[in-house]
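Below is one structure, written out as structure tokens; comments come after it.
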Amino acid sequence: MLLAGRAEWPTGVPGLRAYTGADGVAVLLIDRPAKHNALTLAMWRGLPGLLGRLAEDPGVRVLLLAGAGGTFSAGADIAELLEVYADPELADEYHRDNVAAEEALAGFPHPTVAVVRGAAVGGGCQLAVACDLRFAAADARLGITPARLGVVYPAVPTARLARLVGPARAKYLLYSAELVDAVRARQLGLVEEAVTGDALEARALEFARTVASRSPQTLGAIKAVVAAATEGGDPQAAVEPWERRSRHAPDVREGLAAFLERRAPRF
């Protein structure tokens, strides 16, 4: 359902596919179903450039991140990790690439929603946490599992998880390395909506289209201010360029006119 009526957008990254549509919603698909959508080093390295190109597309207003074949992502490719951890320098480089990919997703200038079906484990869950919001099938299973592997997780994803769910809940998830279903994940603050049955994609698409119809100016300001407020920045400094722009941009005039004329605004 997410891909219906969308044109495939060339990524140049094996295992990652992208689609755009006239509704302003882009879909980035993790596409290695035979490997449960495990993420390779090439995929981690390719994500920042791919997200940068999608951000420059004037038709993109919301990004949905999903997995092919009924699984979001099983995380890092373990066979590849065995090779990486055979060399400390390679392991350092791998983690740098991993963090750069996550930071590129977190810094995407438009709203992002992870659409989680099946497993979102380790690096897969990490990517979901880097999105603005997470919608999951009720029977999806989410967890971040470095404690099972002896991996010391980088500071960036660990701190992002703690900001999202709180310190104690982050420790609960990371200490146990257990997977939780989406209903429990919602209780923990890890997902915003746990959707029953087969309605996940329809609900995520409905929400994305609603967001795409809102003022990009307002959404951009919200994203900047919330990031500053939760990451130790200055919220006032973050909002000032948006406020200045809003005095001259047409969004407010269009929004007020649409309200008075009882029609949908055309931002």
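The values are calculated or read from the model by the stated rules, or taken from the named source; none is laboratory data. Keep in mind the model is a prediction, meaning the values are calculated, not measured. No Cβ is skipped: glycine too gets one built from the backbone with ideal geometry, and neighbour counts run over all protein chains shown. Heavy atoms of the whole protein, side chains included, go into the accessibility calculation; ligands, DNA and RNA do not. Shrake-Rupley method; radii C 1.70, N 1.55, O 1.52, S 1.80 Å.
Can you work out D for the stretch 188-243 in µm² s⁻¹ from Stokes-Einstein, where Rh is the Kirkwood radius over C-alpha pairs, the temperature is 25 °C and the viscosity is 0.890 mPa s?
Taking Rh from Cα pairs, D becomes 183 µm²/s.
Round to a whole angstrom and tell me the spacing of the C-alpha centers of the stretch 56-128 and the stretch 237-261.
The stretch 56-128 and the stretch 237-261 have Cα centres separated by 34 Å.
Could you grab the Rg to Rh ratio for the stretch 89-151? Cα atoms only, Kirkwood for Rh.
1.02
Residue-wise, which Karplus ³J(HN,Hα) couplings in Hz belong to the stretch 102-113, taking 6.51 cos²θ - 1.76 cosθ + 1.60, θ = phi - 60°, and x for glycine or proline?
5, 5, 5, 5, 4, x, 4, x, 10, x, 10, 9
Find, to one decimal place in angstroms, the Kirkwood hydrodynamic radius of the stretch 109-182, where the mean of 1/r is taken over every pair of different Cα atoms and then inverted. Don't jump to the answer; show the numbers that get you there.
Details: mean 1/r = 0.0805 Å⁻¹.
That comes to 12.4 Å for the stretch 109-182.
Please get the size of the charge dipole for the chain, origin at its Cα centre, with Cβ charges of +1 on Lys and Arg and -1 on Asp and Glu, quoted in debye to the nearest 20.
Numbers: 29 positive and 31 negative charges, 176 e Å.
It comes to approximately 840 debye.
Charges on Cβ only, +1 for Lys and Arg, -1 for Asp and Glu, centred on the Cα centroid of the stretch 134-267; of LEU142, ALA249, VAL183, which one is farthest towards the dipole's positive end?
My answer, from the dipole projection, is ALA249.
Could you sort THR112, THR158, THR218 by their accessible area in this structure, using a 1.4 Å probe and putting the largest first? The partial results should precede the final answer.
Numbers: THR112 0, THR158 50, THR218 70 Å².
Accessible-area ranking of THR112, THR158, THR218, largest first: THR218, THR158, THR112.
Regarding the stretch 145-206, what's the average projected area of the Cα-atom convex hull, expressed in nm²?
5.1
Let me know the Kirkwood hydrodynamic radius for the stretch 1-138, please, with Cα pairs as the basis and the value in Å to one decimal.
After inverting the pairwise mean of 1/r, the radius is 14.9 Å.
So what does the Cα-only Debye profile of the stretch 133-267 read at q = 0.14, 0.20 Å⁻¹, as log10 I(q)/I(0), no solvent term?
Here log10 of I(q) over I(0) equals -0.86, -1.15.
I need to check one value: relative contact order of the chain, counting alpha carbon pairs closer than 8 Å and at least 6 residues apart, in percent.
The value is 15 percent.
Using a 10 angstrom cutoff on alpha carbons, build the Gaussian network for the chain and name the most mobile of VAL225, VAL252, VAL180.
Among VAL225, VAL252, VAL180, the largest mean-square fluctuation in the Gaussian network model of the chain belongs to VAL252.
Once amide H atoms are built 1.01 Å from N in the peptide plane, which residues 5 or more positions from VAL195, or in another chain, come under 5 Å H to H?
ALA136, ALA137, ALA138
Keeping every protein chain present and rolling a 1.4 Å probe, give me the accessible area per residue for the chain in Å².
Result: 49 Å² of accessible area for each residue.
Which one, GLU178, GLU83, GLU102, has the greatest fluctuation when you compute a Gaussian network model over the chain with C-alpha springs under 10 angstrom?
Result: GLU83 has the largest fluctuation of those listed.
In bins 5 Å wide, starting from 0, what share of all Cα pairs of the chain does each bin hold, as a percent?
For the chain, the binned pair fractions read 1, 6, 12, 17, 18, 17, 13, 8, 4, 2, 1, 0, 0, 0 percent.
Please give the helix 41-56 orientation as an angle from the longest Cα principal axis of the chain, in degrees from 0 to 90, rounded to the nearest 10.
Tilt of helix 41-56: around 0 degrees.
Do you know the relative contact order of the stretch 88-154, to the nearest whole percent, from alpha carbon pairs under 8 angstrom that are 6+ apart?
Taking the mean separation of contacting Cα pairs over the length of the stretch 88-154, I get 32 percent.
Compute the projected area of the convex hull of the Cα atoms of the stretch 210-267, averaged over all viewing directions, and report it in nm² to one decimal place.
Average projection, Cα convex hull of the stretch 210-267: 4.3 nm².
Based solely on its DSSP helices, what 222 nm [θ] is calculated for the chain when runs of n ≥ 4 H residues each add -39,500 (n - 2.57) and the sum is averaged over all residues, nearest 500 deg cm²/dmol?
Numbers: 12 runs with 132 residues, N = 267.
For the chain, the value works out to -15000 deg cm²/dmol.
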